[in-house]
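For reference, the structure discussed in these notes is given below.
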Amino acid sequence: MLEELQELRKQLDAELQAITSLRELEDFRLRHLVRRGTLAQVRERFRQLPAEQKPVVGRELHALEEAIRQRYNEIRQRLETQAEEQLTVDLSLPGRRFFLGGRHPIEQVLADIVSIFTRMGFCVAEGPDIEDDEHNFTALNFPPEHPARDMQDTFFVTPDRQILLRTHTSPVQIRLMRTLPPPIRAIVPGRVYRNEEINPRSLAEFHQVEGLVVDRTTSFAELKGTLVAFVQQMYGPQTAYRFRPSFFPFTEPSAEMDIRCVLCRGEGCRVCKGSGWLEICGCGMVHPAVLRNGGLDPETYLGFAFGMGIERIAMLRLALDDIRLLYLNDLRILQQFR
Ligand code: PHE
């Protein structure tokens, strides 16, 4: 049996030598060190030996057991420390970068517009995207057969064409006049919809900011002064501008405001189509019929209004030549702003 014990010791030593993980070590324990394991079986056979062999073999067996358990414990400690070290923080690793979201360019431009007008005493109002014919057209003095009511321009929600997606923010003029007692000084940012072909210059869904002032005294001069102050804060105090006569059913007189092309400074380029000027908004004195439709007496009150497209302004600021770039949600584009 002595020889057998020496063999066993070699075998167990070799197994322990080969162990590289806590799992392998556990397998070893389950095979050899548990109640019915190898060592227990050997000890059982030792008990049945004749008494005269017991002292010698017993010493050997005891030494074997001691040695194996000691090595087992050593290996277990080493492997456990290793596993712990692997779990601890490596302070030499570079930090993990995390990315802050940003505001969309349209929101940035809108925030600037809002801040300029609120400093001039305007409040911010909103109206619904889904409108009725009354607010979007009729109360704004569009004659019944006006081409702007045509299917080509308007997305209708109901077949009778009474409910529609608003084609501009001007219907909110009517809502404001019908709910707020003058004086009114409000801007109205919002989404608008037109049944238009999507191309580098136009989208079917875009944003406008409407402006409305209604008071006992106001004037076309105040309208011009307000818009000039806006342009100078938005594009710089030296920005050249001009007003051109225009037509809208809901304003009289009506005008459009242009600024010197911010890209070519008037030389003529692709963005201003060679003219050197960029149209930035429509405006005019609120038509007496519109005041009346808003529940106000045109003999007592007068007002002015303006409306501008936000995408156009964002495109100019970012020097984009395709409006669709704003809505690709491509971080390579969005991350360039501010
Ligand atoms: N609603 C007009 C448009 O969409 C702009 C405008 C607003 C013009 C207010 C005059 C007054 O083109």
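The table for this structure:
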quantity: Qualifying residue in region 88-102 (condition: in contact (Cβ under 8 Å) with a residue 40 or more places away in the chain and not polar (S, T, N, Q)); calculated: yes
quantity: Odd one out for PHE220, checked against (1) within 16 Å of the ligand (Cβ to nearest atom); (2) open to solvent by less than 60 Å² (accessible area, probe 1.4 Å); calculated: (2)
quantity: Considering residues of region 294-315 that are touching an Asp or Glu at 6+ places or on another chain (Cβ under 9 Å) and in a helix (DSSP H, G or I) only, the residue farthest from the ligand (Cβ to nearest atom); calculated: MET315
quantity: Selected residue [under 37 Å from the mean Cα position of the chain (by Cα), open to solvent by less than 10 Å² (accessible area, probe 1.4 Å) and in the same structural domain as PRO181 (by TED's automatic domain parsing)] from GLY211, GLY282, GLY274; calculated: GLY211
quantity: Every residue from region 125-183 that is in a loop (DSSP other than H, G, I, E, B), among the aliphatic types (A, V, I, L, M) and open to solvent by less than 50 Å² (accessible area, probe 1.4 Å); calculated: ALA125
quantity: So LEU320, is it under 37 Å from the mean Cα position of the chain (by Cα) and loosely packed, with under 12 Cβ neighbours inside 10 Å; calculated: no
quantity: Residue match in region 254-261 (condition: part of a loop (DSSP other than H, G, I, E, B) and open to solvent by less than 30 Å² (accessible area, probe 1.4 Å)); calculated: yes
quantity: Per-region count, region 175-208, residues in contact (Cβ under 8 Å) with a residue 40 or more places away in the chain, away from the ligand (no atom under 12 Å from the Cβ) and of a type in the set (Val, Ile, Thr); calculated: 2
quantity: Where ILE106 falls short, out of the listed (1) free of Cβ contacts under 8 Å to residues at least 60 places away in the same chain; (2) surrounded by 10 or more Cβ atoms within 10 Å (Cβ to Cβ); calculated: (1)
quantity: Only listed residue being surrounded by fewer than 18 Cβ atoms within 10 Å (Cβ to Cβ), of a type in the set (A, V, I, L, M, F, W, C) and assigned to a strand (DSSP E or B), chosen from PHE206, PHE243; calculated: PHE243
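The values are calculated or read from the model by the stated rules, or taken from the named source; none is laboratory data. What you see is a predicted model; the values in this text were computed from it and never measured. Don't worry about glycine lacking a Cβ; one is built from the backbone with ideal geometry, like all the others, and counts go over all protein chains shown. The area values use the complete protein model at the heavy-atom level, side chains included, leaving out ligands, DNA and RNA. Shrake-Rupley method; radii C 1.70, N 1.55, O 1.52, S 1.80 Å.
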